[in-house]
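Structure record follows, encoded as structure tokens.
The values are calculated or read from the model by the stated rules, or taken from the named source; none is laboratory data. The structure displayed is predicted, hence computed values, not measured ones. Glycine gets a Cβ as well: all are built from the backbone with ideal geometry, and neighbour counts include every protein chain shown. Heads up: the accessible areas ignore ligands, DNA and RNA and are worked out on the full protein's heavy atoms, side chains in. Shrake-Rupley method; radii C 1.70, N 1.55, O 1.52, S 1.80 Å.
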Amino acid sequence: MTTASVQKPTTAPSIGRDADAPAIVARWFGELPILVIGGVLMAVCLTLLAINGVNPGIGGIIANAQIFFMFVVVLACWDAARSLYRDRPDSPVAHLKARYSTDSFKRTVAAGLPMLGVAVVLLPYFSKMKSAIPLFNDYTWDSAFIQWDRAIFFGHDAWEVLQPIIGYPVVTAFLALLYQLWFLLLYPGVMFFAFAKIDSQIRRQFFLTYVLSWTLIGGAMATALASVGPCFVGPMLGNSTFDAQMAYLNAANEQIPIMVLPVQEMLLEWYGQAENGLGSGITAMPSMHCAIAFLYWIAVRRVSSKWGAFFGVFFFVTWVSSVHLAYHYAVDGLVSLLAVAAIWTLSHRIIAAWDKWTEKNPDQAILRTNTVPAE
């Protein structure tokens, strides 16, 4: 993979400053391939679920929207507090009203709503498909992935190789905390890419890769390569290979809380009850934790080299944690990495082809956009 350089925003007018409604429409037009591809894939998912008697409903979308709204409130409070501390206005209420009622702010919000909408709708249906894997395929791949790991690590399971290095309760607890914090990528992280002032090519490539990753990696590949992962092979498949690893995690939990253990128990309980709500479902290969963390690395490093380095480390820690905490085999992360890299390249070509088409059609040329919302 080639070394990435930080890309600067294009020089086109910025939404929220000297651009108006046509610029917003132009941005939406530039994002049309994401909406169309996302819509088609969503229709396929809904059809497959309906054929198998699963009614997705809208409960998951409502729950996901509520989580997004919670983060909107949190981020708004943080921004307001920062603004008041920095400017020290005589009238805080008037100051905040002026800050959040400008046409610039309204245009910025309007410009990012379609991509935010994609994120709100997508994740619940991924959870439905994840929960429905047993309807399409049996969990038969775990033995193969155990052997793949042992082939890579010279006859050892991956967690055994890591254990002498990080197998300490306090380290395990810290990694479990970081592993849980990954969900921030799905909410404030997505909001950053929807509303921040970044290059349009990066934004669109991120969201198209995001959509395709959830559906192709987290849906199609997870179903074709159906597996449950180390923490579930015992209770679900009667395989005792990772009993020693689970014994260590439970022993560590006696000394300091290991946050992932209650989650694993909850997922297993949901599986037994055939729950298919937001966040439910069991699958190991490929790892969506690793896939999304890797996506953030390859996207963010094109925005900021400093934050790119941070997310590079975060991806590596997520991969290691996924193995150490018994969620995944090491090859789960490897396959995710390769798949996201391929999808990122494909997304670039799709966006480039769309922009090239708009350039060749004079009637649509005015709608081609590299505009970005103002901060």
### Qualifying residue in the stretch 345-356 (condition: within 16 Å of Gln201 (Cβ to Cβ), modelled with pLDDT of 95 or more and open to solvent by less than 40 Å² (accessible area, probe 1.4 Å))
yes
### Query
Restricting attention to the stretch 357-365, does a residue exist that is within 28 Å of the chain's Cα centre (by Cα), open to solvent by less than 80 Å² (accessible area, probe 1.4 Å) and at pLDDT 70 or above?
no
### Query
Do you know which of the residues in the stretch 45-62 that are touching a residue at least 60 places away in the same chain (Cβ under 8 Å) and out of contact with any Leu (no Cβ under 7 Å at 6 or more places or on another chain) is least open to solvent (accessible area, probe 1.4 Å)?
Leu49
### Query
Can you name the number of the only condition in (1) of a type outside the set (Ser, Thr, Tyr); (2) part of a helix (DSSP H, G or I); (3) modelled with pLDDT of 95 or more that Met266 fails?
(3)
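Of everything in the stretch 234-250 that's assigned to a helix (DSSP H, G or I) and in contact (Cβ under 8 Å) with a residue 40 or more places away in the chain, which residue is nearest to Trp159 (Cα to Cα)?
If we filter the stretch 234-250 for residues that are assigned to a helix (DSSP H, G or I), which is where we start, we get 234-237, 243-250.
Of the ones still in play, those that are also in contact (Cβ under 8 Å) with a residue 40 or more places away in the chain are 236-237, 245-246, 248-249.
Working: Met236: 20, Leu237: 19, Gln245: 8, Met246: 11, Tyr248: 11, Leu249: 11 Å.
Only one residue tops the list, namely Gln245.
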### Message
Being of a type in the set (Val, Ile, Thr), farther than 17 Å from Ser213 by Cβ and either within 17 Å of the chain's Cα centre (by Cα) or part of a helix (DSSP H, G or I) (or both) is the filter here; which residues of the stretch 298-322 pass it?
### Response
Val313, Val317, Val320
### Query
Residues that are free of Cβ contacts under 8 Å to residues at least 24 places away in the same chain, open to solvent by 30 Å² or more (accessible area, probe 1.4 Å) and among the hydrophobic types (A, V, I, L, M, F, W, C): which helices (runs of 4 or more DSSP H) entirely in the stretch 105-186 hold 1 or more of them?
142-152, 158-166, 169-181
